[in-house]
Amino acid sequence: MITMDDIVREGNPILTQVATKVELPPTSEEIDTLKEMLMYLKNSQDPEIAEQYELRPGVGLAAPQIGISKRMIAVHFDDLDEKISHGLFNPRIVSHSVEKAYLTSGEGCLSVDREVPGYVPRYARITVKGTNIEGEELKLRLKGYASIVIQHEIDHLNGIMFYDHINPDNPFEKPENAIALD
Ligand SMILES: O=CN(O)C[C@@H](CC1CCCC1)C(=O)N1NCCC[C@H]1C(=O)Nc1ccccn1
Ligand code: NI
């Protein structure tokens, strides 16, 4: 199982590289890895398992964070209006709103062992295409928190960290044309 020992921390160049596309169909090893990434998220959200294995709770994970520079992400969380749980190969944003959105609490990252305060402006709504663990091509239309999570993960595949989006002059400046998400 994946534990925090497997999570790569900032300073490791893999986190600022562009990850490689996964050749389809994915190998059984790539499928197993994606399943393990999803399992990490589920385990990390179970208080008992998280405590037992000292897992930091996560709602998303990208393969570069476990040292694999491949375009694979997992997201798992039960939000009020969106229940999302996906493992995706080669996720890509095919369209997005002009309007932006940001979490009023800012963002963190399992690969960043420090607080980096500030608003992270992202697209408010996105349409994402990718291939799921069963090998099906899928298209997701996301808004709200789910949209933020997926963008955070796809950024990891392009070597972008959440703090790269924070306004260095005024981290808490309200982004223009943006919705505040609590
Ligand atoms: O690339 C992926 N990552 O770095 C894991 C990140 C991904 C999220 C950060 C902002 C949007 C996506 C992650 O999940 N976190 N960031 C660090 C510690 C907290 C944790 C988190 O937000 N946990 C959480 C939130 C709500 C409900 C349950 N748990
Ligand atoms: Ni992250």
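What follows is calculated from the coordinates using simple rules that are stated; it is not laboratory data. Keep in mind it's a predicted model, so treat the numbers as computed, not measured. Using ideal geometry, Cβ is built from the backbone for each residue, glycine included, and neighbour counts are taken over all protein chains shown.
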* Asked: Given the residues I133, I84, I126, which is the only one that is in contact with a Ser or Thr (Cβ under 9 Å, 6 or more places away or on another chain) and aliphatic (A, V, I, L, M)?
  -> I126
* Exactly one of (1) within 16 Å of ligand 2 (Cβ to nearest atom); (2) within 20 Å of T33 (Cα to Cα) is unmet by T131. Its number? -> (1)
* Structure fact -> When (1) within 16 Å of ligand 2 (Cβ to nearest atom); (2) free of Cβ contacts under 8 Å to residues at least 60 places away in the same chain are applied to D78, the one that fails is (1)
* Asked: Across region 110-122, what is the number of residues that are over 26 Å from G67 (Cα atoms) and buried (at least 21 other Cβ atoms within 10 Å of the Cβ)?
  -> 1
* Do you know which of the residues in region 30-74 that are part of a loop (DSSP other than H, G, I, E, B) and over 22 Å from E10 (Cβ atoms) is farthest from ligand 1 (Cβ to nearest atom)? -> D46
* Taking region 163-182, which residues are in contact with a strand residue (DSSP E or B) (Cβ under 9 Å, 6 or more places away or on another chain), surrounded by 14 or more Cβ atoms within 10 Å (Cβ to Cβ) and within 23 Å of F77 (Cα to Cα)? -> I179, L181
* Would you say G159 is in contact (Cβ under 8 Å) with a residue 12 or more places away in the chain, part of a loop (DSSP other than H, G, I, E, B) and within 19 Å of the chain's Cα centre (by Cα)? -> yes
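Here is a yes/no grid of residues against (1) more than 23 Å from Q65 (Cβ to Cβ); (2) near ligand 1 (Cβ under 10 Å from one of its atoms):
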position: E99; (1), (2): yes, no
position: S105; (1), (2): no, yes
position: G108; (1), (2): no, yes
position: G159; (1), (2): no, no
position: F162; (1), (2): no, yes
position: I166; (1), (2): no, no
* Could you check, for region 150-162, whether at least one of its residues is exposed (fewer than 14 other Cβ atoms within 10 Å of the Cβ) and either of a type in the set (D, E, K, R) or more than 16 Å from ligand 2 (Cβ to nearest atom) (or both)? => no
* Name the residues in region 76-103 that are closer than 17 Å to I133 by Cβ and among the small types (G, A, S), would you? -> S85, G87
* Could you please find all residues in region 21-62 being loosely packed, with under 15 Cβ neighbours inside 10 Å, within 23 Å of F89 (Cβ to Cβ) and not acidic (D, E)? => K21, L24, P25, T27, S28, K35, K42
* Evaluate the following for Y145: is it under 30 Å from G11 (Cβ atoms), crowded, with 17+ Cβ neighbours inside 10 Å and more than 10 Å from ligand 1 (Cβ to nearest atom)? => no
